[in-house]
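Let me begin by presenting the structure, written as structure tokens, before commenting on it.
The values are calculated or read from the model by the stated rules, or taken from the named source; none is laboratory data. Quantities reported herein were computed from a predicted structural model and do not represent experimental measurements. FYI the Cβ positions are ideal-geometry reconstructions off the backbone, even for glycines, and counts take in every protein chain you see.
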């Protein structure tokens with residue numbers, strides 16, 4: 001037992017000795033390192049240099065482009081309504097949604113039996129009125145002849161009375177003969193008055209007959225109009241929309257049966273802000289007839305048509321702001337339909353002595369970082385005039401020819417030293433080596449794009465034929481390929 005205790009005490013002593021030796025060695029090494037650090041010269045901190053793309057500010061004359069969204073409308077739109085009630089007797093084969101019709105084409109006929117009977121009855125009434133008028137004219141001629149005969153007879157009676165009175169003066173006449181002559185002359189005068197009254201009645205009868213004839217003609221015209229109302233015809237060349245009539249169905253007066261839309265008379269209605277509207281006015285305050293471009297996304301390509309700004313809405317709708325503008329699409333633009341939601345790109349008046357910069361080069365306060373002496377950054381203010389998608393148009397006359405940072409980051413600021421990367425152009429941040437405008441396709445890639453276009457049911461036939469013709473060429477526009485592959489998910 002005593003041996004075990006002594007052994008443990010020895011081991012404890014050995015362990016303490018080793019610990020003391022290790023502690024002493026560590027202190028010696030620390031002292032040596034401290035001495036070396038005190039004797040070494042102090043290290044100098046190095047300035048951090050950042051790298052960023054820079055571009056040169058170039059002043060030029062630019063035409064800003066206003067982008068808005070609107071809806072296609074037709075300037076010629078006619079509601080097809082039934083002008084008469086009845087049973088639909090006949091219906092044109094082209095009376096269906098989307099069908100093209102020509103001006104004057106018969107679209108629908110309502111049973112004309114009642115209208116035809118009314119027309120024929122009115123024709124008979126007109127014939128009776130014409131016969132009555134002819135009879136009144138003959139009666140007037142007879143009355144005039146009767147009056148002329150009575151006037152002649154009265155003249156003769158007056159002559160006979162005058163002779164009798166002359167005989168009385170000579171003492172050769174008799175009182176009885178004189179009285180008889182006077183009575184005959186008076187009766188002849190009374191007959192003249194009677195014939196004049198008959199003539200007046202004949203003239204009045206003629207006037208009544210003429211008025212009756214005019215009324216019957218008006219009634220016949222109305223009957224013929226009602227008969228014509230049983231037929232529905234196209235007022236102009238166009239396409240049908242929302243048709244609802246069926247053969248054998250009953251329709252009521254003024255019932256809406258569909259719409260006739262002229263696809264060649266299209267315009268786009270779009271809304272702009274008050275500030276944008278003010279930039280489209282001329283010196284007199286009138287809306288300038290600016291050129292515009294209307295684009296429709298067809299799910300793989302873009303259908304574009306030229307347009308011209310025509311007018312502004314007369315009133316601002318309740319709860320709305322800005323102005324509603326209308327641009328007329330030029331004739332010959334195929335593929336557009338009323339109701340399409342399109343993009344409108346409108347050319348604004350030119351701006352002189354301005355620069356086009358990437359939007360990332362300008363912060364929210366209108367400041368840019370300018371590369372100064374010794375490649376150090378300086379802050380300068382610019383006036384932002386327009387925003388063009390990923391670019392901005394600024395007025396920065398004082399910065400003409402100087403280099404600025406193309407893309408600001410939180411790490412960059414005034415006073416920092418910069419390692420400039422000069423590979424950016426001043427027109428919207430485009431890289432100096434632009435992508436090619438046309439690309440040669442491999443057979444597999446070309447076949448894949450053609451199959452996608454042919455299988456797209458939303459693309460009009462005209463646009464599909466144009467895109468297939470482009471894909472059949474040796475080199476295809478890069479923009480067309482990019483849009484198709486985006487729709488394909490490539």
What number of residues within the stretch 273-301 are outside any helix (DSSP H, G or I) and either loosely packed, with under 11 Cβ neighbours inside 10 Å or not assigned by TED's automatic domain parsing to the domain that holds residue 324 (or both)? 4
May I ask you to list the residues in the stretch 304-342 that are part of a loop (DSSP other than H, G, I, E, B), under 11 Å from the mean Cα position of the chain (by Cα) and surrounded by 13 or more Cβ atoms within 10 Å (Cβ to Cβ)? 336, 337, 338, 340
Report, ordered by the first and then the second residue, all pairs with beta carbons closer than 9 Å, sequence separation of six or more or different chains, a first member in the stretch 402-424 that is without any contact (Cβ under 8 Å) to a residue 60 or more places away in the chain, and a second member that is assigned to a loop (DSSP other than H, G, I, E, B). 408/362; 408/363
Given the criteria part of a helix (DSSP H, G or I) and modelled with pLDDT of 75 or more, does residue 163 qualify? no
